[in-house]
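Here is the structure we will look at, set down as structure tokens.
The values are calculated or read from the model by the stated rules, or taken from the named source; none is laboratory data. This one's a predicted model, so the numbers in the text were calculated from it and none came from an experiment. Virtual Cβ from ideal backbone geometry, glycine too; neighbours counted across all protein chains shown. Ligands, DNA and RNA are stripped out before the accessible areas are found, and what is left, the full protein with its side chains, is counted by its heavy atoms. Shrake-Rupley method; radii C 1.70, N 1.55, O 1.52, S 1.80 Å.
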Amino acid sequence: MGEHLRVCPQGYTCCTSEMEDKLNQQSKLEFENLVEESSHNMRTTFVSRHKKFDEFFLELLDNSEKSLNSMFTRTYGKLYMQNSEVFQDLFTELKRYYTGGNVNLEEMLNDFWSRLLERMFQLLNSQYHFTDDYLECVSKYTDQLKPFGDVPRKLKAQVTRAFIAARTFVQGLMVGREVANRVAKVNVVPACVKALTKMLYCPYCRGMPGLKPCHNYCHNVMRGCLANQADLDAEWNLFIDAMLLVADRLEGPFNIEAVIEPVDIKISEAIVTMQGNSVHVSAKVFQGCGQPKPSGIGRSARGISDVFSARFRPYTPEERPTTAAGTSLDRLRVVWRTMQHSVIDIKEKLKESKKFWSNLPDDICAKGKLTESDEDQCWNSHTKGRYFPEVVKEGLTNQVNNPEVDVDITRPDTLIRQQIMALRVMTNKLKNAYNGNDIYFQDSSDEGSSSGSGSGCSDGCTTEFVFVGTEAPVIGADRSNERAAAAAAGKSFSRGPSLLLVVTALALPLWAMQIQWR
């Protein structure tokens, strides 16, 4: 009469205790699959969008560097090629920042302009010999004399705000992906296995194999088994809201030329401004740093200043090359238009993922899929008939009165709590990024270090979240190729969040600032 059964109702049955044990295992597996399937689309959204943004902006950055190199080589010739490492280092550092390295953007950009001032000062005063100490003194006048006009200040404002938002947005996609993947791998406790078996397979033991569970019955079982996941929902919703805020920064009417243009055009403008200010700048520097010694090398009939006058001039918009690498710009225009649609798309997908975890029992227990639509012709945990108990609310503390699952509300799931903390940290970073505030990121190559770039995080925030716990590796985008290249160059690139907006940072009509060059 079924006295041997430990889960299913005792009485007339065709099940043995061995069969019941197997049904327990089958129930556990089926539940895990149900959660995986129900969360598949949401998890795939984060994976695919992360990859798409990453690839696009990496290509955009490479194109921007090629554009600058092509324009400056054609415009400034040998003078540029002899000093090209100054500009190459700028892109290297921008890339290293974006891929998670410890780069202080403001300091790095200040250093770029100081180095450029040193090189130009030597070229414009080639009749003198300058020691390293003298050049260091020259660089101290960058802020005071503003030899490049207002270009450095404007470009720094655009670059820092755009890169902060870009790096943080892609990191958010990565964190959302990793949190969803971890939470979707449910920890099925014995009390949940017992309730699942009773709901899914006990009808078989009672000779009613085609009978589906009652809808409310399923809800109580799933809310008990997914109580910890539901507790993630509040922080998840705040995270999604913050992602949507930063996503707003990625929308805009600007096209690919306007995104790429500022780097070469504006640096060229700055060079011309420096040339025009050269006499005043040199006089002030000589006054502050001392009169330099003559180099002993006479100027040619056509002085270096004349070379600057002829060579160092910016393109007009009509003269500027339309492409830096064959038809790549035309192709990227198409990619950019696609990207604008992708921003709209990702915002819609993000909105759809709100309240995902608290709604998960509803998704699994959908009528017609897992449960019976007819409330009088369903499995109610004992027999065919209506299910009368009330449906408990979601969340761990509400399971104290769950009639179907014996949930220990005093022991929250550790892994879930870790994901809640990870989301909380990421949400804070997103809010800071939306407001244009940088925070410290940890370079994964500097284990244990909490120093980094920016101006805000005092608690050792990191680019790569370490999700401590069972099977919780450090999050990191695949940057193996970049690491290999970095090693060859003696640089230390990190595996941080992928490269989004890296050139949007160099965008002229920057969405974050709406700065207009005049």
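See the values below:
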quantity: Separation in nanometres of the label points that stand 7 Å from Cα toward Cβ, at ASN359 and HIS129; calculated: 7.6 nm
quantity: R0 of 60 Å, Cβ-Cβ distance LYS431-THR16: FRET efficiency to nearest 0.05; calculated: 0.55
quantity: Extension reserve of the THR73-ASP406 stretch, reckoned as 0.36 nm per residue once the Cα distance is removed; calculated: 112.6 nm
quantity: For the range 39-144: accessible area per residue (Å², 1.4 Å); calculated: 42 Å²
quantity: Spacing of the two label points (7 Å from each Cα toward its C-beta) at GLU37 and GLU55, in nm; calculated: 2.9 nm
quantity: Added length on full extension, which subtracts the Cα-Cα distance from 0.36 nm per residue, LYS369 to SER84; calculated: 96.2 nm
quantity: Label point 7 Å beyond Cα of ARG386 along Cβ direction - residues of the range 400-416 with amide nitrogen under 20 Å; calculated: 403-404
quantity: Carbon/sulfur fraction of accessible area - the range 45-173, other protein chains in place, 1.4 Å, %; calculated: 45 percent
quantity: Distance in nm between pseudo-label sites at ASP376 and ALA234 (7 Å out along the Cβ direction from Cα); calculated: 4.2 nm
